[in-house]
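Quick notes on the structure that follows.
The values are calculated or read from the model by the stated rules, or taken from the named source; none is laboratory data. Predicted, not measured: the structure shown is a model, and the values here were computed from it. Don't worry about glycine lacking a Cβ; one is built from the backbone with ideal geometry, like all the others, and counts go over all protein chains shown. Ligands, DNA and RNA are stripped out before the accessible areas are found, and what is left, the full protein with its side chains, is counted by its heavy atoms. Shrake-Rupley method; radii C 1.70, N 1.55, O 1.52, S 1.80 Å.
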Amino acid sequence: MCGIVGYIGKQKALPILMEGLRRESYRGYDSSGIVVLDNGKPVCVKAVGKLENLEKKLQGNQLDGSVGVGHVRWSTHGGVTEENAHPHSDCQGNIFLVHNGIIENYKELKDKLISEGHKFVSETDTETIIHLIEKFFKGNLEKAVREALPLLKGTYGLAVIARDDPQKIVVARLSSPLLVGLGDNEYLVASDPAAIIAHTKKVIYLDDGEIVTLTPDNFFIQDANQNHVEKTVNEIDWNIEEAQKGGYSHFMLKEIIEQPESITNTLRGKLIAESGSAKLGGLELVQEKLKEVERFNIVACGTAYYASLVGRYMLEEYAGIPCEADFASEFRYRKFILTKKTASLFISQSGETADTLAALAEVKRKGGLTLSIVNVVGSSVARETDAGVYNHAGPEIGVASTKAFTSQLAILALLTLFLGRQREMSLVTGQRIVKEISRIPELSRKVLENNGKIKELAEKYKNFDNFLFLGRKYNYPVALEGALKLKEISYIHAEGCGAGEMKHGPIALIDEKFPTVAICPLDSVYEKMVSNIEEIRARKGPVIAIATEGDKDIEKIADDVIYIPKTLEMLTPILSVIPLQLFAYHMAVLNGKDPDYPRNLAKSCTVE
Ligand code: M6R
């Protein structure tokens, strides 16, 4: 959670910081703040609420300084107040810090620091860091930071400046994403490349334990033992337009609508028609090992977890590999059995989700083979796994994951092909899957043509307080995802349920005020879904069906139908989820909610 940005160079820092914070505002939007060294004097301004409130406060404020840091906050410790907003400062107003992460031992540190005379003004865990740095500060900022960090237990991405050592930003990372941008006679620091891409595409992703000192004309990186670290400079492969709304009212809508392109980008160069297989360059290093794998664990959170559930069906049915899928937050604490022939696959849009990273660390500790599907290039999950595949879906800014989900499903289909063809999958089956996957971008474009109809549907249902989402087999995870989308951005109660499970409890909820969204394409479980819809009708529950084009029978039992084109059963989730994304989007907007900034949520959960 939280977004950090920092600038040191020859230009005015303030506009660059504000621009960066705007691009990171999806990471936290309950409060924000900046500090700039203006003619050597720190000027710190903070505001509660969205970034616009900080902008208003700064209006007419001509800060000349060319060193500064800024922050958007998603609160973990302490309420949403200006005192708790970052930057935090020491007792003297000398040192200022922005922080992302959680300091677990902050209470004991704080008690000790108070007993030593330090004055705290916030309820945050973060403030302990700044007083610790103050305690060690004797004129050299990085030295003080270096002495303070070993005393912290927890996670941090942080950037610090000091009035009394003014030509520096000191940056450190432990389990919270941070990168350094290399400009022309200027350096930037950020949680997300989107924050700095207007200034430079050259970035260095920091690893845990690294401490960086940025000055106006140089930088150096050291590890925790003060060894100099040589790092690879990465080139960001997307541009600023891709991180902007491009005329859409919300990022979420833009990201839903651009799915035909994002899926095309995901698939580019990966389908091999002749051999009915997939080329996954990121897995080449481990492809011999993968031949030996007898079991898969897929581990993820939220939407990425629902993608994992779809992947489980794909891998078992077509690659013949037994597969489990787990929430990372559960997996990390259970005693999972890792045989030598198990591969663990971690799926994450951001690549920075704390639970996913912790589960990954546990598998690595046990010596297991680790793979990943990650959208953010250079992120921690991508770097920590043995091999992996990038989504190449472009930056996903909307807090509700949409295009990352369909891209994850597309890669899982490719992985199934790849592993299936290493095993028993026939050439003919492989070729049929390749052919059908290559049609998916076009088919998804056809689904999007229903946008107007789905908006009308949202008009009709916008005042209902509860929804049930039902699906079976491949579309059971889609039901879970549809319910998650609706609840997270419109705050309308929604339950996702395997249709066969409905009779074991959830059916008790059904009456004329409790609509059901039933995902029932013409597939191997269609008849079963029809029976479940009949059960709902018998209890007067309104039904919205997501059905296959040409299925006229469904209109006799459903109140409303949205059609999707026919495709292979294993690929239907990529199409059936799109109407649910649009439905959630329109329900939120029609109810006056901002889908890009759902309350209590942040894009990337970098804390447990
Ligand atoms: O970045 P990740 O894919 O690891 O994030 C996982 C979840 O936090 C994420 O999918 C979350 O559930 C979204 N808000 C769903 O829209």
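Relative to the Cα centre, the charge distribution of the chain, modelled as +1 at Lys and Arg Cβ and -1 at Asp and Glu Cβ, gives a dipole magnitude of about 420 debye.
Modelled spin-label separation between SER531 and LYS202, with each label point placed 7 Å from Cα along the Cα-to-Cβ direction: 6.6 nm. Only one residue of VAL517, LEU457, HIS504 has its Cα farthest out toward the positive end of the dipole of the range 449-595, where Lys and Arg carry +1 and Asp and Glu -1 on Cβ, and that residue is HIS504.
Per the Cα gyration tensor, the range 476-608 maps to an equivalent ellipsoid with semi-axes of 26, 18, 15 Å, ordered largest to smallest. In terms of packing, defined here as the mean over residues of other Cβ atoms within 10 angstrom, the peptides 124-131, 538-545 line up highest first as 124-131, 538-545.
Bridging of LYS279 to aspartates and glutamates at a Cα separation below 17 Å is possible for GLU288, GLU436, once same-chain residues fewer than 8 apart are set aside. For the range 425-533, the set of trypsin sites (Lys or Arg not before Pro) satisfying both a DSSP loop assignment and a count of at most 12 other C-beta atoms within 10 Å is empty. In the structure shown, the pairs LYS201/LYS403; LYS528/LYS603; LYS245/LYS593 are assessed against 25 Å; a Cα-Cα span above that value is assigned to LYS528/LYS603. Per the Debye calculation on the range 120-210 with a single equal scatterer at every Cα and no solvent contribution, log₁₀ I(q)/I(0) for q = 0.12, 0.15 Å⁻¹ amounts to -0.41, -0.63.
Given axes a ≥ b ≥ c from the Cα gyration tensor, I'd like to know whether the range 422-517 is rounded (a/c under 1.5), prolate (a/b larger than b/c) or oblate. Here the range 422-517 falls in the oblate category. Only Lys, Arg, Asp and Glu carry charge here, each on its Cβ (+1 for the first two, -1 for the last two); on that basis the range 3-236 has a dipole of about 300 debye about its Cα centre. The range 3-236: percent of C-alpha pairs farther apart than 25 Å? Pairs farther apart than 25 Å: 32 percent. Available extension along the chain between LYS455 and PHE120 is 115.6 nm, counting 0.36 nm per residue and deducting the alpha carbon span.
When the accessible area of the chain is computed with all protein chains present and a 1.4 Å probe, what percentage of it is carbon and sulfur? For the chain, the apolar C and S fraction of the accessible surface comes to 49 percent. What's log10 of I(q)/I(0) for the chain at q = 0.08 Å⁻¹, Debye sum over Cα points only, no solvent? Each listed q corresponds, in turn, to -0.58.
On a per residue basis, the range 133-213 carries 31 Å² of accessible surface, using protein heavy atoms and a 1.4 Å probe.
Debye sum, Cα scatterers, the range 242-448, no solvent: what log₁₀ I/I(0) at q = 0.07, 0.19 1/Å? Here the Debye-derived log intensity ratios amount to -0.19, -1.39. If you count the DSSP beta bridges with both ends in the chain, what percent of them are antiparallel, to the nearest 5? Within the chain, antiparallel bridges account for around 60 percent of the total. Rounded to the nearest 20 debye, the dipole size of the range 449-595 about its Cα centre is 160 debye, using +1 on the Cβ of Lys and Arg and -1 on the Cβ of Asp and Glu.
Annotation: per residue accessible area for the range 25-67 equals 41 Å², rounded to a whole number [probe 1.4 Å, protein chains only].
Short-range pairs are left out: with C-alpha atoms under 8 Å and at least six residues apart, the relative contact order of the range 535-607 is 19 percent. What the Cβ-Cβ distance of ASN61 and VAL428 gives, at R0 = 60 Å and to the nearest 0.05, is a FRET efficiency of 0.30. Of LYS57/LYS462; LYS46/LYS254; LYS12/LYS50; LYS254/LYS513; LYS135/LYS202, which pairs sit farther than 25 Å apart, going by alpha carbon to alpha carbon? Correct reply: LYS57/LYS462; LYS46/LYS254; LYS254/LYS513; LYS135/LYS202. Considering only VAL212, GLN167, GLN222, and ranking their Cα positions along the charge dipole of the range 3-236 that arises from unit charges at the beta-carbon of Lys, Arg, Asp and Glu, the one farthest toward the positive end is GLN167. Computed from label points 7 Å out along Cα-Cβ, the spacing between ARG334 and ASN239 is 4.7 nm. Based on protein heavy atoms only, the range 449-595 ends up with 37 Å² per residue of surface accessible to a 1.4 Å probe. The orientation-averaged projected area of the convex hull spanned by the Cα atoms of the range 39-128 comes to 6.3 nm².
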